[in-house]
Amino acid sequence: MSPDILTDQLSLFLDVLETGSFSAAARRHPLTPSAVARRIDSLENAVGSRLFTRSTHAVRPTPAGNAFAERARRIIEELRLARAEAVSLSSAPEGLIRIDAPAAFGRRHLAPAIADFLVAYPGLDVQLRLIDSFVDLHGSHLGEVDLVLRAGPLADTRLVATTLAPMVRIACASPGYLASRGLPACPSELPGHDGLDWDGLAPPFAWRFAVDGQVRLYRPARMRMAANNAETLLFGALAGLGIAHLPTWLISEYLLRGELLPLFCEAGLPAAESSGIYALRLEHETNSRSRLLLEFLKSRFSPIPPWDLALRSELRWQ
C-alpha cells in the first residue's frame, strides 16, 4: 500500500471515529456513505479486528478501535514527517519566504514551527509579520508577501488555499465565575449568564451549538466586555468576567491547566467548523520555497493539531 493510500485510509477511519457517522465522514471526502462503510470493512479485515459497532443511530468505536486510533494518528504524523525529511535531504533550498499571520496564532503556534523549519533548512530565511487578527480576508497583502494566514469561509477564487488546521470552538469560563454564577447545563441556558463577545463582525460560528441535530445560536444576554481581538476576550474570561466562546488553538493551555473550564463538552471536543485555518497564496506566485513551508506546516498542524490532540488525551471533561 502506498503512503498516500495508507494516509487516506487512516484519515477516513479517524473521521468516522470523530463524527460517529459514515454519512458525516463521507461529506469530508469525495465518497458516498456506502463507500465509506466498505472501506472501513476492508480496514477491519486488514487489521483482523472489529473497529466499530454499528447501529441505526451511530457508529461507535470498539476498545480495539480506540487503541487503533492512537496508532493511526502517530502513523499519519510519521509518514508526513518522513516525506518532509526526504524532501529536505534531496535538495538544498535557498531564499526568503515572506508571511503575514495573526499575532495571537503566530506567537503561540506559528513562530515555534517556523523556528524548527529554519533549523531543518539552513539555506532558507523567513520574514514573519504578525498582524492583529485574521483581517486579510481577501489576500490583499499577497504580492507584498508570499503567504497570508487566515481563518474563515473561503470566497475569493483568485486565491489558492492550503488547509493547515481545523478550527474547534469551545464555550469556557473561569472556575471562579462558574462557582459564583453556576454551571450552565446546556447552551440554551447561556442567556442567563454574563459573557464576552466580539465587537463588530463576529466569527461565523461564534455562539453556535449543535442541539438535537441542528445548529442554533445561543449567547449570553449581558456582555461584560466586547473587543475586536480574541486574546482580549481570553483575558476577560480568565479574570472571571463571564463565558467566552473561543477557538481551542487559543485556549487549550488554559483548559489543560484548569484556569478555564470547558462547557458542553461531556462527550469530548465539539466537531470542527466547516472552515479552518488556511494559508493563502496567488497561484502564479507559487514557488518551491513556499510549497516546502506549506508541507512542513501541514505536517505540524494536521490532521489533528497538537493543541486539540493534547485536549483529547489529557483533559478531563467537566
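Structure summary
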item	result
Of residues in the stretch 134-153 being among the hydrophobic types (A, V, I, L, M, F, W, C) and modelled with pLDDT under 70, the one nearest to the chain's Cα centre (by Cα)	Phe134
Unique match (being closer than 17 Å to Thr62 by Cβ, without any contact (Cβ under 8 Å) to a residue 60 or more places away in the chain and surrounded by fewer than 16 Cβ atoms within 10 Å (Cβ to Cβ)) among Gly20, Gly48	Gly48
Failed condition for Val126, given (1) open to solvent by less than 20 Å² (accessible area, probe 1.4 Å); (2) at pLDDT 80 or above	(1)
The stretch 195-206, residues that are hydrophobic (A, V, I, L, M, F, W, C) and modelled with pLDDT of 95 or more	Leu196
Any hit, the stretch 249-270, residues being in a loop (DSSP other than H, G, I, E, B), in contact with a helix residue (DSSP H, G or I) (Cβ under 8 Å, 6 or more places away or on another chain) and open to solvent by 60 Å² or more (accessible area, probe 1.4 Å)	yes
The stretch 23-45, residues that are more than 26 Å from Arg83 (Cα to Cα), charged (D, E, K, R) and either exposed (fewer than 14 other Cβ atoms within 10 Å of the Cβ) or at pLDDT below 90 (or both)	Arg27, Arg38, Asp41
Which listed residue is under 30 Å from Glu266 (Cβ atoms) and either touching a helix residue (DSSP H, G or I) at 6+ places or on another chain (Cβ under 8 Å) or modelled with pLDDT of 90 or more (or both), from Val168, Val160	Val168
First in the stretch 61-74 and free of Cβ contacts under 8 Å to residues at least 24 places away in the same chain, second anywhere and among the basic types (Lys, Arg), Cβ under 7 Å, 6 or more apart	Thr62/Arg50; Ala64/Arg50
Only listed residue being within 24 Å of Pro166 (Cα to Cα) and at pLDDT 90 or above, chosen from Arg71, Arg107	Arg107
Number of the exception - Arg80 against (1) open to solvent by less than 50 Å² (accessible area, probe 1.4 Å); (2) in contact with a helix residue (DSSP H, G or I) (Cβ under 9 Å, 6 or more places away or on another chain); (3) touching a residue at least 40 places away in the same chain (Cβ under 8 Å)	(1)
Qualifying residue in the stretch 278-291 (condition: open to solvent by 30 Å² or more (accessible area, probe 1.4 Å), among the aromatic types (Phe, Trp, Tyr) and touching a strand residue (DSSP E or B) at 6+ places or on another chain (Cβ under 7 Å))	no
Hits in the stretch 4-13 - residues which are under 17 Å from Leu81 (Cβ atoms) and of a type outside the set (S, T, N, Q)	Asp4, Leu6, Leu10
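Let's see how each residue does on (1) in contact with a Leu (Cβ under 7 Å, 6 or more places away or on another chain); (2) open to solvent by 30 Å² or more (accessible area, probe 1.4 Å); (3) in contact (Cβ under 8 Å) with a residue 12 or more places away in the chain:
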site	(1), (2), (3)
Arg181	no, yes, yes
Pro184	yes, no, yes
Leu196	yes, no, yes
Gly200	no, yes, yes
Gly213	no, yes, no
Leu217	no, yes, no
Pro220	yes, no, yes
Ala237	yes, no, yes
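The values are calculated or read from the model by the stated rules, or taken from the named source; none is laboratory data. Every value quoted in this text rests on a predicted model; they were computed, and no experiment measured them. Ideal geometry is used to build each Cβ from the backbone, glycine not excepted, and the neighbour counts take in all protein chains shown. Surface areas here come from the heavy atoms of the whole protein model, side chains and all, with no ligands, DNA or RNA. Shrake-Rupley method; radii C 1.70, N 1.55, O 1.52, S 1.80 Å.
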